[in-house]
Amino acid sequence: MAAIQITQVEKRYKSLQALGGVSLSIEEGEFFGLLGPNGAGKTTLISIIAGLTRADAGRVTVQGYDVATDFRAARQHLGVVPQELVFDPFFTVRETLRLQSGYFGLKNNDKWIDEVMANLDLTNKADVNMRALSGGMKRRVLVAQALVHKPPVIVLDEPTAGVDVELRQTLWKFIARLNREGHTVVLTTHYLEEAQALCNRIAMLKNGKVVALDTTAALIKRISGSMLVLHLRNGGLPQALRAQLLHPDAPEGDYGSPNTYALRINDYAEIEPILAAVRLSGAIIEEMQLQQADLEDVFLQIMDGEVVR
Amino acid sequence: MSLLSMPKGFQTLFYKEILRFWKVASQTVAAPVITSLLYLLIFGHVLENRVQVYPGVGYTAFLVPGLVMMSVLQNAFANASSSLIQSKITGNLVFVLLAPLSHWELFGGYVLASVVRGLVVGAGVFIVTVLFTEVSFIAPWWIVVFAVLGSVMLGTMGLIAGIWAEKFDQLAAFQNFLIMPATFLSGVFYSIHSLPPFWQTVSHFNPFFYMIDGFRYGFFGQSDVNPLFSFVIVAGFSILLAGFAVQMLKRGYKLRH
């Protein structure tokens with residue numbers, strides 16, 4: 001049984017087609033990444049899974065329970081960390097977590113609440129009012145709230161947006177532990193290195209449609225081999241090499257700064273002919289780096305429309 | 001079904017709503033009690049020997065049930081409406097919406113907490129005002145029935161307004177242009193028999209009038225209309241509004257997109 005089954009889900013906001021027939025199956029125990037630029041439809045999809053938004057068409061189940069018709073069971077199996085930094089200013093951290101437990105029908109949940117707080121370094125803030133917490137601490141409480149009922153499926157919508165390195169490490173350590181213990185984790189993030197390090201499988205959304213769906217390793221393999229990054233002086237990249245540019249649409253220095261070029265190579269044997277061609281053109285290599293392609297490169301290529309599933 | 005045997009989710013929402021207003025009791029309980037006391041002292045002082053609404057009942061004594069009921073109604077409305085609009089605007093309503101709470105649990109949690117706040121403030125107003133005048137209790141059960149039913153009705157209206165409003169000024173408009181006039185024109189400060197015939201007729205279309213008139217009957221055994229008739233009107237309105245509110249919650253109107 002899939003932890004989350006999404007079948008032909010459509011959602012339109014007036015003239016905007018937020019989701020145009022999305023289908024995904026996220027298996028139990030997966031650490032799944034949902035990536036895409038702003039406005040791709042990630043949050044809309046998560047909101048539909050969580051029951052905060054209703055799909056115009058299609059069906060979503062969580063652990064086999066339909067999120068619309070069997071919403072109680074579906075929500076009982078789901079923990080969602082919302083993207084917005086929201087909190088109830090009337091309560092302390094412990095009160096907030098106790099109330100959230102109660103909403104999910106749990107009595108005497110303090111043992112687990114204490115464990116969650118300890119794992120998120122919140123213990124010494126337990127009796128502090130939510131208003132008095134820093135943004136990072138509020139973010140931790142949001143994560144804790146999503147976990148109070150020990151949901152088998154955890155959805156994190158950009159949980160590390162604008163938070164410090166310490167929280168990221170603490171959070172990922174805890175979430176990775178929960179994933180090892182069998183919880184399914186779905187993550188959206190703009191930090192692609194996080195997604196690459198954590199996710200087994202990734203779906204990329206663009207304009208409300210899935211444009212890539214594969215294991216993280218297989219996605220990275222789509223950009224075969226490595227990148228040779230050259231910073232040149234006394235001339236640009238020879239015409240003959242431009243076909244190998246990683247981003248051919250920006251040939252006048254396609255890698256972050258002028259006169260810096262990233263060339264795709266499949267074999268180390270290709271390096272020498274490239275260097276020879278540059279020398280022949282009269283340009284001087286000021287700096288040279290050999291880099292492995294990563295998820296960010298794949299993401300950029302897919303979003304540029306170079307790779308379509 | 002006792003409260004303890006109700007679903008835990010409902011109990012928690014109810015408890016949270018109580019805790020929310022209790023944590024700011026100076027604003028949610030003490031302030032309306034003081035406001036009502038000021039009404040009593042000022043109007044009572046000015047009108048005590050000039051107006052007699054019912055035979056043998058002084059104006060200050062006549063005013064007490066009206067002020068109590070007005071406080072019950074306004075605070076029951078304020079509890080659900082302010083909680084919802086604040087949660088919607090600050091975004092923390094998401095915690096309730098993510099939980100496996102049914103529309104009945106949401107309705108029960110918000111309205112019952114509103115009833116509690118209405119009754120707590122009403123009791124406070126009563127305790128303070130009876131220090132200044134004597135009132136009788138001819139039919140105490142009518143007092144309880146109309147206090148509870150009135151707070152259910154206004155708690156439900158507060159829930160509807162809180163769901164409907166998207167901004168604080170929309171809620172304020174609901175309160176200032178509907179709740180406040182309906183309350184003040186319901187006979188809190190006067191008997192409708194003192195009004196010209198046209199306005200007497202208009203008053204009979206105001207459901208708030210029946211709540212206050214029936215409530216006052218419990219104290220003095222005198223009212224403008226039969227309390228049983230008032231009960232039927234108020235209960236009917238309450239059921240109608242409750243059905244409307246439950247449907248809004250079930251459909252996720254302005255709550256789930």
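Read-outs throughout are calculated quantities, based only on the coordinates presented, and are distinct from any laboratory measurement. Just so it is clear, the model here is predicted, and its values are computed rather than measured. Note that we place each Cβ from the backbone using ideal geometry, even for glycine, and neighbour counts take in every protein chain shown.
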message = From the helices alone, meaning DSSP H stretches of at least four residues, give me the mean residue ellipticity at 222 nm for the protein assembly as shown, per-run term -39500 (n - 2.57), in deg cm²/dmol to the nearest 500.
response = -15500 deg cm²/dmol
inquiry  = With only alpha-carbon pairs counted, each pair once and no self-pairs, how large is the Kirkwood hydrodynamic radius of region A:1-58 in angstroms?
reply    = 11.9
query = Looking at the protein assembly as shown, what % of its DSSP beta bridges pair antiparallel, to the nearest 5?
reply = 70
query = Got a sec? How would A:Ile220, B:Ile34, A:Ile46 order by Cβ neighbour count within 10 Å, fewest to most?
reply = B:Ile34, A:Ile220, A:Ile46
ask   = Build a GNM of chain A with springs between Cα atoms under 10 Å: which of A:Gln292, A:Gln196, A:Gln83 gets the top mean-square fluctuation?
value = A:Gln292
message = Working only with C-alpha atoms, what are the Rg and Dmax values of region B:7-251, expressed in angstrom?
response = 18.0, 58
inquiry  = Rounding to the nearest 10 and keeping the result within 0 to 90°, find how far the Cα-based axis of helix B:227-251 lies from the longest principal axis of chain B.
reply    = 20
Candidates per GluC sites (Glu not before Pro) in region A:141-250, loop by DSSP, up to 13 other Cβ within 10 Å = A:Glu181
Taking B:Arg20, A:Arg180 and counting other C-beta atoms within 10 Å, the order from fewest to most = A:Arg180, B:Arg20
ask   = Which value in Å is the Kirkwood Rh of region A:126-278 over different Cα pairs?
value = 19.1
ask   = Going by how many other Cβ atoms sit within 10 Å of their own, how do A:Tyr13, B:Tyr15 line up, fewest first?
value = A:Tyr13, B:Tyr15
request  = Taking the dipole about the Cα centre of the protein assembly as shown, with the C-beta of Lys and Arg at +1 and of Asp and Glu at -1, give me whichever of B:Phe62, B:Leu13, A:Gln17 is farthest to the positive side.
outcome  = B:Phe62
note = Rounded to the nearest 10 degrees, the helix B:140-164 long axis (Cα) sits at an angle to the longest Cα principal axis of chain B of 40
query = When the C-alpha atoms of the protein assembly as shown are aligned to their principal axes, what extent does each axis show, in angstrom, from largest down?
reply = 115, 46, 43
remark   = Taking GluC sites (Glu not before Pro) in a DSSP loop with at most 13 other Cβ atoms within 10 angstrom as exposed, one finds the longest site-free stretch of chain B at B:1-133
query = Averaged over peptide A:101-111, how many Cβ atoms belonging to another chain are found within 10 Å of each residue's Cβ?
reply = 5
query = Using alpha carbon centroids, what distance separates region A:18-82 and region B:108-156, in Å?
reply = 45
task = May I ask you to evaluate 6.51 cos²θ - 1.76 cosθ + 1.60, the Karplus curve with θ = phi - 60°, for each residue of region A:148-160 and list the ³J(HN,Hα) values in order in whole Hz, giving x for glycine and proline?
result = 4, 9, 6, x, x, 10, 10, 10, 10, 9, 6, x, 10
ask   = How high is the FRET efficiency from A:Asp294 to B:Phe198, r the C-beta distance, R0 45 Å, rounded to 0.05?
value = 0.05
task = Could you work out, residue by residue across A:76-89, how many beta carbons of other chains sit within 10 Å of that residue's beta carbon, and then give the average as an integer?
result = 3
task = Might you report the magnitude of the Cβ-based charge dipole of chain B about its Cα centre, with Lys and Arg at +1 and Asp and Glu at -1, to the nearest 20 debye?
result = 800
task = Give, in whole angstrom and from largest to smallest, the semi-axes √(5λ) of the equivalent ellipsoid of region B:158-257, with λ running over the eigenvalues of the Cα gyration tensor.
result = 30, 16, 10
ask   = Which pairs break 24 Å Cα to Cα here: A:Lys138/A:Lys209; A:Lys173/A:Lys221; B:Lys8/B:Lys250; A:Lys150/B:Lys88; A:Lys125/A:Lys173; A:Lys150/B:Lys23?
value = A:Lys138/A:Lys209; A:Lys173/A:Lys221; A:Lys150/B:Lys88; A:Lys150/B:Lys23
request  = With N denoting the number of residues in region A:2-219, provide Rg(C-alpha) divided by 2.2 N^0.38 Å, to two decimal places.
outcome  = 0.99
key: Degrees between helix A:135-147 axis and first principal axis of chain A (Cα, 0 to 90, nearest 10)   = 60
ask   = Of all DSSP beta bridges in region A:2-219, what percent run antiparallel (nearest 5)?
value = 60
key: Charge dipole (debye, nearest 20) of the protein assembly as shown; +1 at Cβ of Lys and Arg, -1 at Cβ of Asp and Glu   = 1280
